[in-house]
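Have a look at the structure below, then the notes.
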Amino acid sequence: MTKLIEGNAVIGQSGGPTAVINQSMVGVVQGLRAKGAGRPGHPIKKILGMRHAVSGLVKGDLIDLTDLSHDRLERLARTPSAGLGSTRDKPDQAYCQRIFEACEKHDVRYFFYIGGNDSSDTCRIVNELSAARGYELRCFHVPKTVDNDLVGSDHTPGFPSAARFVATACMADFLDNISLPGIKINVVMGRHAGFLTAASAMARRSDRYEGSTDGPQLVYVPEVPFDTERFVQDVAEIYDAKGRCHIAVSEGIGDKDGNSIGATLIQNAQTDAHGNVQLSGSGALGDALSNLLKEKLTPTGGTKLRVRADTFGYIQRCWPDASPVDMAEARGSGRFAAALAMSGDVDGSVAIERVSPIGGDQPYAARFKRIELSAVAAKTRHMPAEFIKGHNDVSPLFLDYCRPLVGPLPTFERF
């Protein structure tokens, strides 16, 4: 631990927004103010917010959060999406030079960056280059991602609320599917990790009973190679037995060689600064899978089957029905990052550690801990094998893992 240095603190929100990313921003502000930041004589003079993250920082587009009223902060905390605005910029050497110049100009000595694995890597780069330059800048990464793919954590703020949306959307969509039977495909976010797609299985309100017909009956995650012929056979078996089939598939599914099926189908695909093909802006995967089923399952000379596909896309990130656990933990992770800074830590990332057993009788409990920036930056966590059942389903252990995070779900009645 080292002595606090004099200067200003700055907060940025980066990458895809979530339903609770503002909770984390408010948590940082409240955590700093609780220790006296912004008061006369305190080493931290001002708490500033970057508009659109480092993009705004280098432009000097900053907002003073030091004296923002409690009521306004609370309203911001309950507001979905990134209140400060976001960016997907990835700083290179020249960009970092401009960041340092902006930090010097605005006397920034405490840098809080809320985001996912790409954002944590940006935080690491800024931290390492500031050290090489000899500019004392204390950098803290606050976790956020709906994909739940940050290493070192049981789960990540943003995921439980997005998982809640996916579960409730699939509950309603399944009821639609049994009202007008057919084949329905829902494409869910998840480039490399299948947690969010797997959360669709929470829609199975009778999942603990043998012989349940609740959907989705088929769940495909990117951790398991996707085979189109096997997919057609899976759907045919369900459809032949029930006269309908409800499916959840991750946008990031790939073949046995690791080739992204969605990326190969999207014409003139756009990529972000991190080189990621923008999968969620296209319905190509759902359309391709629908056409495949119509072609393969339609009897010769017969009428094509009723097959429909929806791509949930960006709507699942910021749906304003946040998980209660998610709201509390997102706020807490911001407060914990502020506490690290106030205790004299010079850098680090915040991780969530579950301390209650999964599926046990004990109430859910978790705590925050500090991990090294290098431990999380630019790394991807995948669903563990024990959360996956076969090639097209999730295990009961995953449902036990997810249930307390998502919170109580509605109950419906049907014949």
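The values are calculated or read from the model by the stated rules, or taken from the named source; none is laboratory data. Note that the structure is a prediction, hence the values are computed from the model and not measured. Please note: Cβ atoms are built from the backbone with ideal geometry, for glycine as well, and neighbour counts cover all protein chains shown.
Inside segment 1-94, counting only helices (runs of 4 or more DSSP H) that do not spill past its ends, which hold 1 or more residues that are of a type in the set (Asp, Glu), out of contact with any helix residue (DSSP H, G or I) (no Cβ under 7 Å at 6 or more places or on another chain) and free of Cβ contacts under 8 Å to residues at least 40 places away in the same chain? Ranges flagged: 70-77. Among the residues of segment 8-25, those that are more than 14 Å from residue 67 (Cβ to Cβ) and not small (Gly, Ala, Ser) comprise 10, 11, 13, 17, 18, 20, 21, 22, 23, 25. Applying the set (1) in contact with a Cys (Cβ under 9 Å, 6 or more places away or on another chain); (2) farther than 24 Å from residue 19 by Cβ; (3) among the polar types (S, T, N, Q) to residue 374 leaves exactly one unmet item: (1). The set of residues in segment 172-192 being within 20 Å of residue 389 (Cβ to Cβ) and either modelled with pLDDT under 95 or in a helix (DSSP H, G or I) (or both) consists of 174, 190, 192. Considering 90, 105, the condition of being basic (Lys, Arg) and buried (at least 17 other Cβ atoms within 10 Å of the Cβ) is satisfied by 90 alone. Among the conditions (1) modelled with pLDDT under 95; (2) closer than 21 Å to residue 147 by Cα, the only one that residue 85 does not satisfy is (1). Here residue 344 meets each of (1) at positive phi; (2) of a type outside the set (Phe, Trp, Tyr); (3) surrounded by 21 or more Cβ atoms within 10 Å (Cβ to Cβ) with one exception, condition (3).
Selection of segment 47-69 for residues being farther than 16 Å from residue 101 by Cα and among the basic types (Lys, Arg) yields only 51.
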